[in-house]
Amino acid sequence: AAKADGRRTRRLFEPAMDAALQSRRALERDLRAAIAAEALEVHYQPLVATGSLAVTGCEALLRWRHPDRGFVSPGAFIPVAEETGLIAPLGEWVLRRACREAAGWPGGVRVAVNLSPAQFRTPDLVGTVARALAESGLDPARLELEITEQVMLEESTANVAVLHRLRGLGVRIAIDDFGTGYASLSYLQAFPFDKIKIDRSFTAAVGREATAVAIVQAVIGLGASLGITTLAEGVETEAQLAFLRRSGCGEVQGFLFSRPVPADELRGLLAASAVPWAAAA
Ligand code: C2E
Ligand code: MG
Ligand code: MG
Ligand code: MG
């Protein structure tokens with residue numbers, strides 16, 4: 001019976017694998033075409049100071065409007081871009097676009113750009129960042145690069161050297177999705193980050209799990225001791241904001257304030273004399 005079951009499973013499984021592979025290939029082909037046709041956009045989500053609720057910066061988030069599939073989430077195509085090497089040109093495009101856009105924002109508002117671990121395997125990441133800054137005229141202090149723990153796991157000695165050279169350009173380095181990867185905390189010793197972004201899975205759980213409360217408070221305390229800004233991602237409710245404010249979290253980001261919006265919409269939002277969510281204070 002086990003044999004029969006095995007065969008049955010295989011027959012059901014193989015076409016499914018095939019379909020997955022084919023759809024991945026189709027995604028890769030469409031992504032190449034999208035890059036060529038510039039069918040990708042960068043949207044921006046405000047990062048907000050927990051005390052004043054002023055906008056301190058905006059995170060650049062890639063968006064792809066696919067002709068048949070509609071909106072494709074970066075969660076679906078970034079992994080494909082990483083596997084195929086497309087992430088290098090794509091990442092460079094986002095960086096240049098975001099720097100150019102941010103150069104026109106009110107002074108002091110930063111732009112945060114995500115860097116994939118694969119971009120650390122490209123020959124000249126530091127040169128790419130330096131060129132994006134030079135051609136946009138953006139003050140390097142207004143660029144924040146978000147990396148994940150994965151970068152600290154792979155080729156950590158080489159990558160730490162790259163991080164120091166990036167920092168040498170005057171940019172800030174943030175650790176993204178903190179607490180969700182496989183790296184040990186010793187990477188905080190290997191490189192002095194400017195910001196810790198607490199993953200939104202923890203923010204989402206603070207209302208229902210005492211453990212999440214303990215973890216978030218411990219991370220905020222860790223950041224304070226190290227002199228690092230902490231930001232909580234995925235803030236959706238007033239209760240979460242109140243908790244984060246009480247706990248001394250420096251910055252917040254989430255749908256409570258704004259979803260990621262297109263560049264022109266963001267400009268309007270930044271130009272408004274009063275931040276629309278200030279009533280939440
Ligand atoms: P991330 O860097 O952690 O970005 C934050 C994600 O959380 C974004 O998802 C954002 O839309 C979402 N988010 C923000 N506030 C809330 C909230 O209150 N509730 C919920 N449920 N979600 C919220 P998005 O735009 O789908 O991006 C997903 C991931 O894709 C990003 O996670 C990042 O890892 C990656 N990504 C996006 N753009 C780029 C890029 O240009 N380059 C690279 N390498 N990765 C990117
Ligand atoms: Mg990010
Ligand atoms: Mg994140
Ligand atoms: Mg995340």
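The values are calculated or read from the model by the stated rules, or taken from the named source; none is laboratory data. Quick caveat: nothing in here was measured; it's all calculated off a predicted structure. For neighbour counting, all protein chains shown are included, and Cβ atoms are generated from backbone atoms with ideal geometry for every residue, glycine included. Quick note on the areas: whole protein, heavy atoms, side chains included, nothing else; ligands and nucleic acids left out. Shrake-Rupley method; radii C 1.70, N 1.55, O 1.52, S 1.80 Å.
Based on what the data block shows, is Glu83 assigned to a helix (DSSP H, G or I), more than 8 Å from ligand 1 (Cβ to nearest atom) and either under 16 Å from Arg267 (Cβ atoms) or among the aromatic types (Phe, Trp, Tyr) (or both)?
On the way: assigned to a helix (DSSP H, G or I): yes; more than 8 Å from ligand 1 (Cβ to nearest atom): yes; either under 16 Å from Arg267 (Cβ atoms) or among the aromatic types (Phe, Trp, Tyr) (or both): no.
So Glu83 does not fit the description; no.
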* If we scan segment 197-207, do we find a residue that is surrounded by fewer than 16 Cβ atoms within 10 Å (Cβ to Cβ), part of a loop (DSSP other than H, G, I, E, B) and over 19 Å from the mean Cα position of the chain (by Cα)? -> yes
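Going through Val94, Val72 one at a time, which residue ends up being modelled with pLDDT of 95 or more and either more than 30 Å from Phe243 (Cα to Cα) or under 20 Å from the mean Cα position of the chain (by Cα) (or both)?
Values: Val72 fails: modelled with pLDDT of 95 or more.
None of the other options fit; the residue is Val94.
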* Structure fact -> Restricting segment 208-239 to residues that are more than 20 Å from Tyr187 (Cα to Cα) and part of a loop (DSSP other than H, G, I, E, B), the one most open to solvent (accessible area, probe 1.4 Å) turns out to be Arg208
* In segment 47-71, the residues that are open to solvent by 20 Å² or more (accessible area, probe 1.4 Å) and either under 21 Å from Leu31 (Cβ atoms) or within 16 Å of ligand 2 (Cβ to nearest atom) (or both) -> Thr56, Leu61, Arg63, Arg65, Pro67, Asp68, Arg69, Gly70, Phe71
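Quick test for you: out of Arg121, Arg142, Arg110, pick the one residue that is of a type in the set (D, E, K, R), open to solvent by 10 Å² or more (accessible area, probe 1.4 Å) and more than 19 Å from Arg165 (Cβ to Cβ).
The unique qualifying residue is Arg110.
Being more than 16 Å from ligand 4 (Cβ to nearest atom), assigned to a helix (DSSP H, G or I) and modelled with pLDDT under 95: is that true of Gln189 here? Walk me through it before giving the result.
Numbers: more than 16 Å from ligand 4 (Cβ to nearest atom): yes; assigned to a helix (DSSP H, G or I): yes; modelled with pLDDT under 95: yes.
When the stated conditions are applied, Gln189 passes them.
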* Asked: Does Ala39 qualify as being surrounded by fewer than 17 Cβ atoms within 10 Å (Cβ to Cβ) and either within 22 Å of Thr122 (Cβ to Cβ) or at pLDDT 95 or above (or both)?
  -> no
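For segment 234-244, how many residues meet the condition of being closer than 21 Å to Cys58 by Cβ and touching a residue at least 40 places away in the same chain (Cβ under 8 Å)? Talk me through it step by step, then tell me what you get.
Initial filter on segment 234-244 (closer than 21 Å to Cys58 by Cβ): 234-236, 240-241, 244.
From what is left, the residues that are touching a residue at least 40 places away in the same chain (Cβ under 8 Å) are 241, 244.
Number of matching residues: 2.
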* Can you tell me how many residues in segment 97-118 are free of Cβ contacts under 8 Å to residues at least 60 places away in the same chain and over 14 Å from the mean Cα position of the chain (by Cα)? -> 8
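Step by step: first the residues of segment 168-182, then only those that are over 18 Å from Glu233 (Cβ atoms) and out of contact with any strand residue (DSSP E or B) (no Cβ under 6 Å at 6 or more places or on another chain), then the one that is least open to solvent (accessible area, probe 1.4 Å). Which residue is that?
Gly170
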